[in-house]
Every structure is written in structure tokens, then in C-alpha cells.
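Please treat every number below as a calculation from the coordinates, not as lab data. Treat the numbers as computed from the prediction; the structure is a model and nothing was measured.
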Amino acid sequence: MSRYIQKYWLQIVFFLIIFGTLPLSTSAANSGDIGQVTPPTSIASGELPELLDRFAGVLLSVASLVAALILIIGGIMYSLAAGEEIPQARAKRAMKWAVFGLMIALLSYTIMRTVASVLS
């Protein structure tokens, strides 16, 4: 069983993500809120930094979510390795790179906020 999970773990995760978020998208479609947002015709001078800050916050949230997901998957992979060295090494490498990616995302967000505050 563990070899099957190790071989198809990525497909299983994507399946769970897609079908786990499907009810959210159908409820949004049924609520009638889609299509009622009017895009702005122009960006005022003070809105661009705020827009970029929101965009960076969304990217940081997505990066944090992906890193947490990879950490969870790496932990499951490590648990299912059952003492075998190669699967344990793969799991450790996945968790290490997830933490590294999260650190880079946080550092880039911090640098962006610092530069934005200095320029404003």
C-alpha cells in the first residue's frame, strides 16, 4: 500500500484539491455575485501602491499555502517511508525545499514592503 501512495501521491493530492474546492466554486456561481463587479477605468495615483501591496499579499498567501501543503505531504511521505532510506531522503528534501521557498517568499515580501515604505 505504501508503494502505491509513494508512486501516486501527487495525483492523489491534486485530486483532493480539485474536488475539495469544487463545492466552493459552485456555491459562488449559484450566489449570483459573479459578473456584478465593474473594473476600474483608471488607476489613481495613490491606488497603485495599494494594488501592488494587495497583489504581493495574495502571492505570499498562496506561497504559504503551497509550502504548508508540501510540508504536510513531506511529513506523510516520511511517515510512510517505514525506515527505507531513499523515500526518507526524498521526504526530507521536499520539506527542506518547502521551508526554503517559504523563507524566500517572506523575505521578498519584507523587502517589497520596506522599499514601498521608503519610497512613499
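Assorted remarks:
- HN-Hα J in Hz across region 114-119 - Karplus 6.51, -1.76, 1.60, θ = phi - 60°, x for Gly and Pro: 5, 5, 5, 6, 5, 6
- Coupling constants for region 87-102 follow from the phi torsions by the Karplus curve (6.51 cos²θ - 1.76 cosθ + 1.60, θ = phi - 60°), and in residue order they are x, 5, 5, 4, 5, 4, 5, 4, 5, 5, 6, 5, 5, 4, x, 5 Hz; glycine and proline get x.
- Note, ³J(HN,Hα) from phi for region 52-58, Karplus 6.51, -1.76, 1.60, rounded to Hz, x at Gly and Pro: 5, 5, 5, 4, 5, x, 5
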